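Before any comments, here is the structure.
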Amino acid sequence: MSWLQLSLDVDETQVPLLEVLFEQLGAVSVTLGDAADQPLLEPPPETQPLWRHTRVTALFEGDLEVELLRGSLNTALSPEMLKQLRWERIEDRIWERVWLEHFKPMPFGRRLWVCPVGESVNQPGAVVIELDPGLAFGTGTHPTTALCLEWLDQQSLEGQHVIDFGCGSGILAIAALKLGAADALGVDHDPQALLASRDNAVKNTVSDRLSVCLPDQAPDQPADCLVANILAEPLIQLAPELARRIKPGGRFALSGILVEQSQNVARAYRDFAQLDPVVQRDEWVLISGTRTAVSG
């Protein structure tokens, strides 16, 4: 089966009408994207901001009568919008598997590797994470995940209790377990992330040592090591909570932080930690340190 995809770049004020139009014409889905490289980082809760220049993409079943659709669009859209409207025929594929064609074994630090399920690494002493997260979760290709994996590879985790706060695919918790941690707790507000973490733990034969939960269900046991790869603003807001979850002398690493946000994040953690030098990759940084004092 094939699909017909239409896309149009418009001003944000035109988006609602265009969404309704495509839906009325039979689109099975309408998605919105950035048409002008304007990232939307950390929008306030309960808000749905749009890009100033938004790409509206509509997907129609391939057997739709194209001439009828074209006639309806000719009536509804301005001549200028019709000129910019892009038509594309897309062959059906198993889209959640397409990315695997480009996902190859990747090294992080001295011994840690992330591989697609079924692949192997020819390196003595390699610690291999097999990962098959689908579309929604990270594989280590993003700089923030890579920074956290490399940091974990440098730690002495034997016998430790680890918390992965904002666990996503569970990749960081699983890495810690494969590097020798006794047990790990994955915390995430998204139930789908918890399912993905469980599934990946099973694939990596560490499910007996990984627990997952929503933030309000997390037990009070403090960690020897904590990693949180989320975003700068939540990291700042969660600083007292995360501090409470790290034992004195425990190690932690924070990422999901842009270079220009690093000072504000570091400031939120200085009162209860000895911070290490910031590590940067591309426009992202990792802030790590050692818990020094119990917060009041």
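The values are calculated or read from the model by the stated rules, or taken from the named source; none is laboratory data. It should be emphasised that the depicted structure is a prediction, and the values quoted were computed from it without experimental measurement. Cβ coordinates were reconstructed from backbone atoms using ideal geometry, including for glycine residues, and neighbour counts include every protein chain displayed.
Picking from Ser255, Ser197, Ser262, which residue would you name as being surrounded by 17 or more Cβ atoms within 10 Å (Cβ to Cβ) and more than 15 Å from Ile163 (Cβ to Cβ)?
None of the others qualify; the one that does is Ser262.
May I ask you to list the residues in the stretch 73-99 that are at pLDDT 90 or above, assigned to a helix (DSSP H, G or I) and within 18 Å of Trp3 (Cβ to Cβ)?
Listed by number, the list holds a single entry, Leu73.
Scanning for something over 21 Å from Ala173 (Cβ atoms) and surrounded by 15 or more Cβ atoms within 10 Å (Cβ to Cβ), does the stretch 224-235 turn up at least one residue?
Looking for residues that are over 21 Å from Ala173 (Cβ atoms) and surrounded by 15 or more Cβ atoms within 10 Å (Cβ to Cβ), one finds at least one in the stretch 224-235, hence yes.
This table checks each residue for (1) under 21 Å from Asp188 (Cβ atoms); (2) out of contact with any helix residue (DSSP H, G or I) (no Cβ under 7 Å at 6 or more places or on another chain); (3) small (Gly, Ala, Ser).
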| position | (1), (2), (3) |
| --- | --- |
| Asp224 | yes, yes, no |
| Ala228 | yes, no, yes |
| Ser255 | yes, no, yes |
| Arg267 | no, yes, no |
| Asp276 | no, yes, no |
| Arg281 | no, no, no |
| Thr290 | no, yes, no |
